[in-house]
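The values are calculated or read from the model by the stated rules, or taken from the named source; none is laboratory data. Predicted, not measured: the structure shown is a model, and the values here were computed from it. Note that each Cβ is placed from the backbone with ideal geometry, even for glycine, and that neighbours are counted across all protein chains shown. Just so you know, the surface numbers come from the protein's heavy atoms only, side chains and all, with ligands and any DNA or RNA stripped out. Shrake-Rupley method; radii C 1.70, N 1.55, O 1.52, S 1.80 Å.
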Amino acid sequence: MTETTFFVLLAVYKPNHGYGIMQFIEKETNGRVVLGAGTLYGAINTLVKKEWIAPLNDESDSKKKEYLITHIGKQKAEEELQRIEQVLQLASTVIKGGRIK
């Protein structure tokens with residue numbers, strides 16, 4: 001999973017619209033990751049097709065389409081978190097000169 005995909009999934013654990021997703025990612029990465037509109041909406045469209053996120057059927061007058069992570073998306077985010085934790089553990093062991101099992 002790409003970093004962008006993972007951040008988009010995290011950004012839609014609560015309903016969020018495109019610009020809100022961009023702001024979330026920029027804020028939570030302290031400006032390290034800034035997505036352009038093309039990258040963001042490409043990721044959103046891919047995630048909708050995979051059914052990892054879904055647009056909300058909001059009846060409000062707002063023209064901003066909001067998205068929310070699905071059950072499948074949550075499973076994928078949890079799997080990615082486990083993968084990142086394994087990488088972190090390995091890197092920490094190697095860098096600190098420890099023995100690898």
Subset of the range 30-42 [among the β-branched types (Val, Ile, Thr) and either loosely packed, with under 13 Cβ neighbours inside 10 Å or more than 23 Å from Gln82 (Cα to Cα) (or both)]: Val34, Thr39
Positions within the range 16-29 being farther than 26 Å from Val87 by Cα and touching a Phe, Trp or Tyr at 6+ places or on another chain (Cβ under 7 Å), in sequence order: Asn16, Gly18
The range 24-41 residues that are at negative phi, paired with ones that are open to solvent by less than 90 Å² (accessible area, probe 1.4 Å) and of a type in the set (Phe, Trp, Tyr) (beta carbon under 6 Å, 6 or more apart): Ile25/Phe7
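Residue-wise test of (1) modelled with pLDDT of 95 or more; (2) within 12 Å of the chain's Cα centre (by Cα); (3) buried (at least 18 other Cβ atoms within 10 Å of the Cβ).
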site: Met1; (1), (2), (3): no, yes, no
site: Gly20; (1), (2), (3): yes, no, no
site: Glu28; (1), (2), (3): yes, yes, no
site: Ile44; (1), (2), (3): yes, yes, yes
site: Glu79; (1), (2), (3): yes, no, no
site: Arg83; (1), (2), (3): yes, no, no
Which numbered condition Tyr13 fails, given (1) of a type in the set (Phe, Trp, Tyr); (2) open to solvent by 80 Å² or more (accessible area, probe 1.4 Å); (3) in contact (Cβ under 8 Å) with a residue 40 or more places away in the chain; (4) more than 27 Å from Val87 (Cβ to Cβ): (4)
